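Contents: one structure, followed by commentary.
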Amino acid sequence: MTDVVVAGVGMVPFAKPRESGSYVELGEAAVRAALADAGLGYHSIGQAYAGYVYGDSTCGQAVLYGVGLTGIPVVNVNNNCSTGSSALFLARQAVASGVVDCALALGFEQMTPGALSSVYTDRVSPLARHDDAQREIQGQDEQAPQAAQLFGGAGQAYVDEYGTDPAVFARISVKARRHAANNPYAVFRDPITLDDVLNSPVVHGPLTRLQCCPPTCGAAAAIVCTPEFARAHGVAGGVRIKAQSLVTDTPSTFEARDMRQVVGYDMTVKAANDVYEASGVGPEDLRVVELHDCFTTNEFLTYEALGLTPAGTAEKFVLAGDNTYGGRVVTNPSGGLLSKGHPLGATGLAQCAELVWQLRGQAGDRQVDDVTVALQHNLGLGGACVVTLYERA
């Protein structure tokens, strides 16, 4: 893979639905922040990839026309919860292939309160295969949100195999709030206790309400360019994308009859291994990771899928504090989706921003010591998983 420089990143504070500006305002602010961070004008951008899930066609243009009318290609991207990192994947690919010298990846979402739901109910759901697999494996709970059934079922499958105490999942929510307390961009910054999490209403299986990420409004952006462009324009980004992989579902998702596979475990394993092989960096080299914690159970499963701890040892990993400051690898220093929030289109680029700040030493009270490489994991059901490795230039 050809190294690509992250020239600049920007994001806006995430907010609860109905407490933020419009997606246009959010997106423009994130793009302007990324341009200012890079020290570039919008005229320097050769292509733009705009990610969002809930919105009409050409929302990307609606956002970017407020920044500039330069006639560049604007491509709208929707890959469910991995939309933001999919936009970044395309922008990096455009630069690495030599099509453009500088590209923009933007993600935004203006969400409504409540659990995720389909907008179009008169046609086949894009998650029909996953939902059918879930019903065949564990049945259907008509009272629980569909996403919670999928990820709650995956956590229960782990408990059934390894005899894990389900209360260990709740510790991840406590950790998320503790990290988010130092993040001015996060929605939920107040501390919570283990009892708070365990005593919150049960949603499905081992998941309680405080173990589920909230609907959120927000935006984030990243500008990527060639090393030559960076030198010519005085860009001091300080961070490069060393390797990146986007993986979609394989037969095991539906044939294994295991809820962990249905929610993308094998996609994560393959994407991570692609990146480790391409970069020469292994999980043992990582000090900081931003991963997709839409539910506590998914963060827990992802520890093993990324190779941060061997199969069957994630409970020990959590109880030893190896997932936080003072442990082996700090996971989600931003507070993650659980506490920072999860505006679907923006999530992957918010993860990117956090890791760029970590590698530059600009993360303030969230700063992890001795960071030279950082890993990002962003998962979308339906499905797509993007894993990205960044390194300090």
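Tabulated data for the structure shown
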{"item": "Those residues of segment 280-328 which are assigned to a loop (DSSP other than H, G, I, E, B), under 23 Å from Cys213 (Cβ atoms) and among the small types (Gly, Ala, Ser), in sequence order", "result": "Gly321, Gly327"}
{"item": "Residue check, Thr208 of a type in the set (Val, Ile, Thr), without any contact (Cβ under 8 Å) to a residue 60 or more places away in the chain and closer than 26 Å to Asp274 by Cβ", "result": "no"}
{"item": "Count - residues of segment 350-382 that are among the acidic types (Asp, Glu) and either in a strand (DSSP E or B) or in contact with a helix residue (DSSP H, G or I) (Cβ under 9 Å, 6 or more places away or on another chain) (or both)", "result": "1"}
{"item": "Test: residue in segment 173-180 that is touching a helix residue (DSSP H, G or I) at 6+ places or on another chain (Cβ under 6 Å) and in a loop (DSSP other than H, G, I, E, B)", "result": "no"}
{"item": "Test: residue in segment 35-44 that is hydroxyl-bearing (Ser, Thr, Tyr), modelled with pLDDT of 95 or more and in contact with a strand residue (DSSP E or B) (Cβ under 9 Å, 6 or more places away or on another chain)", "result": "yes"}
{"item": "Close pairs from segment 249-263: first touching a residue at least 60 places away in the same chain (Cβ under 8 Å), partner among the β-branched types (Val, Ile, Thr) and in a loop (DSSP other than H, G, I, E, B), Cβ under 9 Å, at least 6 apart", "result": "Thr253/Val263"}
{"item": "In segment 136-165, the residues that are without any contact (Cβ under 8 Å) to a residue 24 or more places away in the chain, in a loop (DSSP other than H, G, I, E, B) and open to solvent by 30 Å² or more (accessible area, probe 1.4 Å)", "result": "Gln140, Glu142, Gln143, Gly163"}
{"item": "Residues of segment 109-135 satisfying the condition of being open to solvent by less than 40 Å² (accessible area, probe 1.4 Å), of a type in the set (A, V, I, L, M, F, W, C) and more than 21 Å from the chain's Cα centre (by Cα)", "result": "Ala128, Ala133"}
{"item": "Qualifying residue in segment 334-341 (condition: open to solvent by 10 Å² or more (accessible area, probe 1.4 Å) and either among the basic types (Lys, Arg) or more than 25 Å from Ile192 (Cα to Cα) (or both))", "result": "no"}
{"item": "Residues of segment 47-93 that turn out to be open to solvent by 20 Å² or more (accessible area, probe 1.4 Å), over 27 Å from Cys385 (Cβ atoms), assigned to a loop (DSSP other than H, G, I, E, B) and in contact (Cβ under 8 Å) with a residue 24 or more places away in the chain, as a count", "result": "4"}
{"item": "Residue within segment 269-284 that is more than 30 Å from Thr2 (Cβ to Cβ) and either in contact with a Phe, Trp or Tyr (Cβ under 7 Å, 6 or more places away or on another chain) or touching a residue at least 60 places away in the same chain (Cβ under 8 Å) (or both) present", "result": "no"}
{"item": "Answer from Ala186, Ala170 - the residue that is in contact with a Leu (Cβ under 7 Å, 6 or more places away or on another chain), closer than 21 Å to Asn323 by Cα and in contact (Cβ under 8 Å) with a residue 24 or more places away in the chain", "result": "Ala170"}
{"item": "Qualifying residue in segment 9-22 (condition: in contact (Cβ under 8 Å) with a residue 12 or more places away in the chain, surrounded by fewer than 19 Cβ atoms within 10 Å (Cβ to Cβ) and of a type in the set (Val, Ile, Thr))", "result": "no"}
{"item": "Residue count, segment 267-289 (criterion: surrounded by 21 or more Cβ atoms within 10 Å (Cβ to Cβ) and either under 28 Å from Arg129 (Cα atoms) or small (Gly, Ala, Ser) (or both))", "result": "5"}
{"item": "Condition check for Thr347: assigned to a helix (DSSP H, G or I), within 14 Å of the chain's Cα centre (by Cα), surrounded by 24 or more Cβ atoms within 10 Å (Cβ to Cβ) and not aliphatic (A, V, I, L, M)", "result": "yes"}
{"item": "Subset tally (residues that are touching a Pro at 6+ places or on another chain (Cβ under 7 Å) and more than 21 Å from Ser245 (Cβ to Cβ)) for segment 343-362", "result": "0"}
{"item": "Candidate set: segment 350-378, residues that are at pLDDT 95 or above and of a type in the set (Asp, Glu); chosen: the one least open to solvent (accessible area, probe 1.4 Å)", "result": "Glu354"}
{"item": "Tally of residues being surrounded by fewer than 24 Cβ atoms within 10 Å (Cβ to Cβ) and more than 21 Å from Val329 (Cβ to Cβ) across segment 166-192", "result": "9"}
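The values are calculated or read from the model by the stated rules, or taken from the named source; none is laboratory data. Given the structure is predicted, the values throughout are model-derived calculations rather than measurements. With ideal geometry, Cβ positions are generated from the backbone for all residues, glycine too; neighbour counts draw on all protein chains shown. Keep in mind that these areas ignore ligands, DNA and RNA; they rest on the heavy atoms of the full protein, side chains included. Shrake-Rupley method; radii C 1.70, N 1.55, O 1.52, S 1.80 Å.
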